Amino acid sequence: MADDQGAMVSLDRLPHAGRLTPSSSQLYKHAAGMGVCPRPAEAATQLGIATDEAERAIEHLIDLKLLRPDPCDADRLVPISPDTAATVLVAEEQAALIRQHEALEAVRADLQALMPTYIENARNNQQEQNLEILPTADEARSALTGLIAGDAREVLSIQRGGARDARLLETKLPHDLAALRSGTGIRLLYQHTVRAHLPTYSYIGKMTKAGALVRTTDQLQICTVILDRRTAFLPIGGHEDWSSGAVLIREPTIVHFLIQTFEQAWSAATPVRAEILGYRDIDDDIKLSIAKLLAEGHTDEVVARRMGMGVRTCRRHIAELMDELGVKSRFQAGVAAAHRGLISNHS
């Protein structure tokens, strides 16, 4: 039982059936009959038990509140009604439990007060670990080149937009070829329009001959590079030239999503044959994609941006498409393509 200092409650002292020993039960009955509890030596003689056993029985009855000092004579112990004893004992134990509960709740409150600090720091630590901002194009390219040159075994690259910067291609080509020679698997995904840009196509030709796999498709929604399916780079602001830097991502869920995006686009893309320059393999795909965007009501500028080509080049393709379909407006070109089933069959 708890003391005044709030010690832990001793639950084994709570009364319940069978807790009375034969000696204590016998002694209580004897005391109840006499109206007073005899001293240990007398109780031992009267009950026919050892004196030490009588002492233990008396102490037990006092603990269970079945004996207490006589108000008129403190040297005498008198029996108490079992109902009263139970009420007093349970009340004391309940009070001790309440004090213990309050103490535990105070400890819990103290610890809970520290949770906001822990959560904030855990969030910051996780963000620092899983997201890293590379605020300039040079930092982003240096980090990417360094990771590929390290121990990267697989590179998946989605390059949205059209022609790439010839100087950057010239700078990165030796690093990419070295990675291929070291056994790194590289898959590159571009938009169709790079097929008509000589510097980009020259880079692609050298990469494919060295073992890279390259495909092109009509439209790409993101620009990213994924290393070993664990780390991804995303350009800040969606700029294809990484001019605003990049975010290095290690968060598994985001990386997995980017991998799925790559694989879906890759499965629908057209392999590049390095010996063929231009749109011969994919001319129909380009025209159908333009027709679909026209049917959706997009302007020439939006169509050009989505296709990764200049506005003048885009308008030339639109003019050729209108001529082939025998229509006089951009919108009619889209509608005519839809009526002929071209868009639905290829979208």
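Protein heavy-atom surface of the stretch 202-251, 1.4 angstrom probe: 49% of the accessible area is carbon and sulfur, with nucleic acids and ligands not counted. Accessible surface comparison of LEU220, LEU234, probe 1.4 Å, protein chains only, largest first: the order is LEU234, LEU220. Checking the cross-link pairs LYS206/LYS287; LYS172/LYS292; LYS172/LYS209; LYS287/LYS328 against a 26 Å limit on the alpha carbon distance flags LYS206/LYS287; LYS172/LYS292 as lying beyond it.
Computed from the C-beta positions of ALA268 and THR117, the FRET efficiency with R₀ = 41 Å rounds to 0.25.
Protein heavy-atom surface of the stretch 126-178, 1.4 angstrom probe: 53% of the accessible area is carbon and sulfur, with nucleic acids and ligands not counted. With the cut-off at 1.5 for a/c, could you classify the stretch 135-281 from its C-alpha gyration tensor as rounded, prolate or oblate? Rounded, since a/c falls under 1.5. Measuring only protein heavy atoms, the 1.4 Å probe finds SER244 accessible over about 50 Å².
Stretching the chain fully between ASP63 and GLU296 yields a gain of 75.0 nm (0.36 nm per residue, less the alpha carbon separation). Averaged over its residues, the stretch 135-281 has an accessible area of 48 Å² per residue, based on protein heavy atoms and a 1.4 Å probe. With θ taken as phi - 60° and the Karplus curve 6.51 cos²θ - 1.76 cosθ + 1.60 applied, the whole-hertz 3J(HN,Hα) list for the stretch 203-216 is 4, 4, x, 5, 5, 5, 5, 8, x, 6, 9, 10, 9, 10 Hz, x standing for glycine and proline. Applied to the stretch 315-320, the Karplus parametrisation 6.51 cos²θ - 1.76 cosθ + 1.60 on θ = phi - 60° returns per-residue 3J(HN,Hα) values of 5, 5, 5, 5, 4, 5 Hz, with x for Gly and Pro.
The values are calculated or read from the model by the stated rules, or taken from the named source; none is laboratory data. Being a predicted model, the structure only gives us computed values, none of them experimental. Cβ coordinates were reconstructed from backbone atoms using ideal geometry, including for glycine residues, and neighbour counts include every protein chain displayed. For accessibility, only protein heavy atoms count, side chains too; no ligands or nucleic acids. Shrake-Rupley method; radii C 1.70, N 1.55, O 1.52, S 1.80 Å.
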